[in-house]
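Just so you know, all these numbers are worked out from the coordinates, no wet-lab data involved. As the structure is a prediction and not an experimental result, all values here were calculated from the model. Cβ placement follows ideal geometry from the backbone for every residue including glycine, while neighbour counts extend to all protein chains displayed.
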Amino acid sequence: MTVEHIQIVVLTLAIGLGATVLMLPPGLALSWWLARSRSRLVPVVETAVALPLVLPPVATGYLLLRLLGRRGPLGAWLDTAGIEVIFTWKAVLVAMVVMGLPLLVRTARTGFEQNTRRFEQIAETLGAGPWRVFFTISLPLARRAVLAGLLLAFARALGEFGATIVVAGSLPGETRTIAVALYGYLETGRDADAVALALTSLAIALLAVWGSNRLVRESA
Amino acid sequence: MTAASPAALVLQIALRQGAFTMELGWSGHVSLLGLFGPSGSGKTTVLEVIAGLRHPATGRVVFGDRVLLDTAAGRWLPPRRRGVGYVPQEGALFPHLTVRDNVLYGSRRGRSRPPLDEVMTMLEIGGLVERSVAGLSGGERQRVALARALLSSPSLLLLDEPLSAVDVPRRRRIMERLTGWLARKRLPAIHVSHDASELAGADRVLVLGEGRLMAEGTPDDVL
């Protein structure tokens with residue numbers, strides 16, 4: 001591993017961690033709502049959340065580019081606030097959140113779908129309001145599934161390539177993540193560098209998936 | 001404890017669930033009210049309606065000066081505001097909390113509650129306070145659930161076969177102690193059982209069958 005490799009890995013881990021933290025509130029809200037709601041909107045939201053799993057990542061990246069570019073609906077508004085997203089580390093963050101969120105929601109949801117309604121009801125009779133019930137009963141009982149989902153989403157975020165390359169490019173020290181750098185090495189024939197990064201990715205992915213599976217198994 | 005003893009209770013419940021229908025109307029004063037009947041007669045349903053865990057199609061439940069439910073007036077008080085301590089038959093202890101955290105879950109800061117030691121000793125579970133819920137027997141779970149409800153300072157206690165998994169001599173001993181304690185604290189309670197001997201201490205007993213009130217009277221009259 002060279003200094004360059006370490007810099008790339010640290011950048012990827014840092015943005016990946018940030019993305020995972022950012023995913024947590026919407027991920028919890030969505031997975032809980034999907035598990036509990038009887039609304040007719042459930043299948044619609046379910047489909048929308050799952051889309052990034054099945055769309056070509058490059059297409060997701062392109063949609064994000066249109067949305068967040070200076071002339072995009074969200075990008076124009078951010079631009080007036082002086083916030084530039086496209087081709088910065090923030091674009092990497094957004095791409096990671098969008099691509100990781102479906103995995104978090106799908107996994108965490110199974111935790112909230114366990115039969116915990118009875119405990120929530122008893123907590124209510126003991127005087128607990130909805131927030132207290134969620135944070136002291138529902139969430140702790142679903143914690144393993146939530147952690148497993150976070151770990152999977154984190155691993156997915158680290159490996160993000162297709163959406164990132166479209167929306168963030170490959171700027172050294174800013175948007176060049178492991179996957180993006182690896183592609184660059186391959187294109188320019190830097191095989192030794194490619195092997196080093198590929199092995200690092202493999203180690204991180206193995207750890208994350210092993211941890212996630214362990215958590216899911218223990219929560220069952 | 002704010003509720004006077006005995007406190008007025010109005011129960012009007014009509015509901016249907018699958019093949020089971022309930023049509024129940026009763027009003028009277030509660031200090032220790034027994035609900036007796038075979039399995040499937042609707043005893044648990046009555047408790048769940050009072051606790052706010054089940055929504056009848058039409059109904060009116062008033063306890064003291066509080067309207068807990070009135071479908072005609074569109075009124076439904078959420079369970080957390082009912083001040084009702086519910087002890088389900090299976091205990092339903094929070095599996096991720098210790099015994100101590102379970103029994104203190106409903107006791108809020110700034111509100112007086114009975115001393116922890118007094119309640120735990122009365123129910124013969126003083127030695128379990130630091131234990132995790134996972135290793136408890138069925139009878140221990142039931143008594144911890146009972147302690148949890150008592151320590152939440154309810155104004156009405158709902159007991160659903162609360163000691164059914166406890167061995168008979170101990171069950172009698174604890175029930176006798178609990179009955180005395182409730183009377184001293186002026187805490188009204190509704191006690192569900194399908195074992196007539198358990199309801200001997202009740203001041204009034206309602207006999208249910210297939211979702212209807214079949215008889216009402218003192219334990220000696222109806223059991």
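Residues that are in contact (Cβ under 8 Å) with a residue 60 or more places away in the chain and surrounded by fewer than 23 Cβ atoms within 10 Å (Cβ to Cβ) are absent from the range A:181-190. Scanning the range B:35-71 for residues that are buried (at least 16 other Cβ atoms within 10 Å of the Cβ), in contact (Cβ under 8 Å) with a residue 24 or more places away in the chain and among the aliphatic types (A, V, I, L, M) turns up B:35, B:46, B:47, B:49, B:50, B:51, B:53, B:61, B:62. Residues being crowded, with 23+ Cβ neighbours inside 10 Å and within 11 Å of chain A (Cβ to nearest Cβ) are represented in the range B:129-148 by at least one member. Residue count for the range A:108-154 under the criterion of being more than 15 Å from residue A:217 (Cα to Cα), more than 8 Å from every other protein chain (Cβ to nearest Cβ) and assigned to a loop (DSSP other than H, G, I, E, B): the result is 3.
Okay, residues lined up against (1) of a type in the set (Gly, Ala, Ser); (2) more than 9 Å from chain A (Cβ to nearest Cβ); (3) part of a loop (DSSP other than H, G, I, E, B); (4) closer than 18 Å to residue B:160 by Cβ:
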position	(1), (2), (3), (4)
B:49	no, yes, no, yes
B:59	yes, yes, no, no
B:67	no, yes, no, no
B:96	no, no, yes, no
B:108	no, no, yes, no
B:113	no, yes, yes, no
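Residues in the range B:85-93: is at least one β-branched (Val, Ile, Thr), within 14 Å of chain A (Cβ to nearest Cβ) and either buried (at least 20 other Cβ atoms within 10 Å of the Cβ) or within 30 Å of residue B:26 (Cβ to Cβ) (or both)? Checking the range B:85-93: at least one residue is β-branched (Val, Ile, Thr), within 14 Å of chain A (Cβ to nearest Cβ) and either buried (at least 20 other Cβ atoms within 10 Å of the Cβ) or within 30 Å of residue B:26 (Cβ to Cβ) (or both).
Only one entry of A:76, A:157, A:95, A:148 meets the criterion of being in contact with a Lys or Arg (Cβ under 7 Å, 6 or more places away or on another chain) and farther than 16 Å from residue A:33 by Cα, and that entry is A:76.
Of all the numbered requirements in (1) in contact with a Gly (Cβ under 8 Å, 6 or more places away or on another chain); (2) over 22 Å from residue B:35 (Cβ atoms), residue B:131 misses one, and that requirement is (1). Is it the case, given these coordinates, that residue A:205 is assigned to a helix (DSSP H, G or I) and surrounded by fewer than 21 Cβ atoms within 10 Å (Cβ to Cβ)? Yes, satisfied. Among the numbered conditions (1) within 11 Å of chain A (Cβ to nearest Cβ); (2) of a type outside the set (S, T, N, Q); (3) more than 21 Å from residue A:138 (Cβ to Cβ); (4) not in a loop (DSSP other than H, G, I, E, B), tell me where residue B:117 comes up short. Going through (1) within 11 Å of chain A (Cβ to nearest Cβ); (2) of a type outside the set (S, T, N, Q); (3) more than 21 Å from residue A:138 (Cβ to Cβ); (4) not in a loop (DSSP other than H, G, I, E, B) one by one, residue B:117 breaks only (1). When residues in the range A:26-71 are screened for being surrounded by fewer than 16 Cβ atoms within 10 Å (Cβ to Cβ) and not in a helix (DSSP H, G or I), 8 of them pass. Residue A:85 falls short on exactly one of the conditions (1) assigned to a loop (DSSP other than H, G, I, E, B); (2) surrounded by fewer than 20 Cβ atoms within 10 Å (Cβ to Cβ), and that condition is (2). Contact map, the range B:156-183: first residue part of a helix (DSSP H, G or I), second residue acidic (Asp, Glu) and surrounded by 17 or more Cβ atoms within 10 Å (Cβ to Cβ), Cβ cut-off under 9 Å, separation 6 or more or different chains; pairs are B:171/B:198; B:172/B:198; B:175/B:198. Scanning the range A:121-142 for residues that are touching a strand residue (DSSP E or B) at 6+ places or on another chain (Cβ under 9 Å) and crowded, with 22+ Cβ neighbours inside 10 Å yields A:122, A:125, A:126.
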